[in-house]
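Peer 1: Dropping a structure here in C-alpha cells format, bear with me for questions.
All of the numbers you see were taken from the coordinates with simple rules; none came from a lab. Note that the structure is a prediction, hence the values are computed from the model and not measured. No Cβ is skipped: glycine too gets one built from the backbone with ideal geometry, and neighbour counts run over all protein chains shown.
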Amino acid sequence: MLELLVLLICGAIIVSAILATCLDGVLAAAVSGGLATLFAAVCYVLLGAPDVAMTEASIGSGLSTLILLYAIRRTADARE
C-alpha cells in the first residue's frame, strides 16, 4: 500500500514539473514548481526521511518559491 502511495506522489511530482515547464504564465509556473518540491517533501516523509522532508519543505518549497514570487512581482512592477 505504501509503495502505491509513493508511486502516486512521484507521478504528481512529474505532472507538476511538466506543468511548470509548459505553462505560459510565469506566476503559475513558479507555483507549479513549488508544488513539485512539496510533493517531493511528502515523498521523503513516506520513505522515512523526515529530516530531509523538513529541509525540502522549508527551503525548496517555501523559501525558494517565495523568493521567486517576490522577484516576479518586483520585475512586473519595474515593467510598468
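Peer 1: Using a simple spin-label model with points 7 Å from Cα along the Cα→Cβ vector, what separation in nm is obtained for Ile59 and Leu4?
Peer 2: So the two model labels end up 3.5 nm from each other.
Peer 1: Using only DSSP helix segments of four residues or longer, with each worth -39500 (n - 2.57), what per-residue ellipticity at 222 nm results for the chain after dividing by its residue count and rounding to 500?
Peer 2: Details: 4 runs with 64 residues, N = 80.
So the helix-based figure for the chain works out to -26500 deg cm²/dmol.
Peer 1: Also, I was wondering about something else. Pop a pseudo-label 7 angstrom from the Cα along the beta-carbon direction at both Leu19 and Tyr70 and give the gap in nm to one decimal.
Peer 2: 2.5
Peer 1: A follow-up question, please. Along each principal axis of its Cα atoms, how long is the chain end to end? Whole angstroms, biggest number first, please.
Peer 2: The Cα atoms of the chain stretch 52, 26, 10 Å along the principal axes, largest first.
Peer 1: Could you work out the relative contact order of the chain? I mean the mean sequence separation of Cα pairs under 8 Å and 6+ apart, divided by the number of residues, in percent.
Peer 2: Values: 73 pairs, mean separation 22.3, N = 80.
Contact order relative to length: 28 percent.
Peer 1: Given charges of +1 on the Cβ of Lys and Arg and -1 on the Cβ of Asp and Glu, with all other atoms neutral, how large is the dipole of the chain about its Cα centre, in debye to the nearest 20? Walk me through the numbers on the way to the answer.
Peer 2: Working: 3 positive and 6 negative charges, 38 e Å.
Dipole about the Cα centre, nearest 20: 180 debye.
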